[in-house]
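Notes follow the structure.
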Amino acid sequence: MTALTIGVFDGVHRGHQALLKTAKASGLPVRALTFDPHPAALLSPGRTPKLLGTLDERVARLQEYGADRVQVIAFDHAFAALTPDAFIESVLKPHQPELVVVGEDFRFGYERRGDVAALQAAGLKVAVVPGVFVEGVPARSTVIRQMLAGGQVSEATRLLGRPYTLTGEVVHGRKLGRTIGYPTANLAAHPAVLIPAAGVYAGQATLADGRTFRAAISIGTNPTVTDNGLLTVEAFLRDGFDEEIYGQTLTLAFVQFLRGTVKFDSLEALLVQMAIDVERVLA
């Protein structure tokens, strides 16, 4: 017997965490069912959102917040075509749920025809968790995406319950930073994952071995030094960091938006501003 919760869980924000907390409080083993790819990728490809993390990160977060086991379900045409009754019989009941924990707006099955009443009519015990609001703002993946797209990382942190992160491999860049006294680590983020708005952020960098460093993070096209238009994610690591980490995995946490992207009149003017940015990271 299990406490079962189900959803996309993109970002595993405070709303999702409330589901897991309710499931955990039952005293039963908690099982979370999640989908990949995002349903919109199949049902509305032109409107597929950027994700708030990779699938591996989502699974790890679900486990961190209370899931004893996570099962990833392939969201394909056959799955999307399941009627609500078929969904209950073939997806939910094989897990022998003593309790099904869902949000108040939970819908399932073909054309989202299934709801909480359908679960109860099938003889399932259901715990309905109200939506979570933080300072009047709903904890929803769509809202968090909007915040990040506007550089509002502090506000996104409140809905996520932790800073937003990007994880990827450190790749070679132009190597300009090392020539001007600010060597940066260039991050190759997963293409499906949302990158916050262009600008400079105060944050934290975590290496694969778990060490953490304060970091000034820059997202943008570096208009002062190049006009190639390519978006980069770069981090200048503080606290005495001085190592080669090409090819390693790096996680960047976004704590505070410092300023937007500016095209300076000269490299010297850029350096003056970079010194100010770094000092604000240390503050």
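The values are calculated or read from the model by the stated rules, or taken from the named source; none is laboratory data. These numbers come from a predicted model, not from an experiment. Ideal geometry is used to build each Cβ from the backbone, glycine not excepted, and the neighbour counts take in all protein chains shown.
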If Q120 satisfies all but one of (1) free of Cβ contacts under 8 Å to residues at least 60 places away in the same chain; (2) outside the structural domain of L52 (by TED's automatic domain parsing); (3) polar (S, T, N, Q), what's the number of the condition it fails?
(2)
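Conditions tested, residue by residue: (1) assigned to a helix (DSSP H, G or I); (2) at positive phi.
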residue	(1), (2)
V143	yes, no
G151	no, yes
S154	yes, no
R158	yes, no
T167	no, no
Having 3 or more residues that are buried (at least 19 other Cβ atoms within 10 Å of the Cβ) is the bar; report the strands (runs of 3 or more DSSP E) wholly within the stretch 49-134 that clear it.
97-103
Could you grab me the full set of residues in the stretch 104-159 that are polar (S, T, N, Q) and more than 30 Å from G199 (Cα to Cα)?
Q120
Condition check: touching a Leu at 6+ places or on another chain (Cβ under 9 Å) and without any contact (Cβ under 8 Å) to a residue 40 or more places away in the chain. Does P84 satisfy that?
yes
Cβ-Cβ below 8 Å, separation at least six or inter-chain, first residue in the stretch 147-165 and farther than 12 Å from H13 by Cα, second of a type in the set (D, E, K, R): which pairs?
M147/E155; T165/E57
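The rows are residues; the columns are (1) in contact with a Phe, Trp or Tyr (Cβ under 7 Å, 6 or more places away or on another chain); (2) of a type outside the set (G, A, S); (3) more than 27 Å from E111 (Cα to Cα).
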| residue | (1), (2), (3) |
| --- | --- |
| H16 | yes, yes, no |
| T22 | no, yes, yes |
| L33 | no, yes, no |
| S44 | no, no, no |
| R47 | no, yes, no |
| D56 | no, yes, yes |
| R61 | no, yes, yes |
Pick from the stretch 21-37 the residues that are basic (K, R) and part of a helix (DSSP H, G or I): which of them is farthest from V102 (Cα to Cα)?
K24
Test of understanding: among A18, A40, which residue is under 22 Å from G114 (Cβ atoms), more than 13 Å from the chain's Cα centre (by Cα), assigned to a helix (DSSP H, G or I) and modelled with pLDDT under 95?
A40
Go through (1) surrounded by fewer than 20 Cβ atoms within 10 Å (Cβ to Cβ); (2) assigned to a strand (DSSP E or B) and name the single condition S218 misses.
(1)
Within the stretch 228-252, how many residues are at pLDDT below 95, of a type in the set (S, T, N, Q) and closer than 16 Å to G210 by Cα?
0
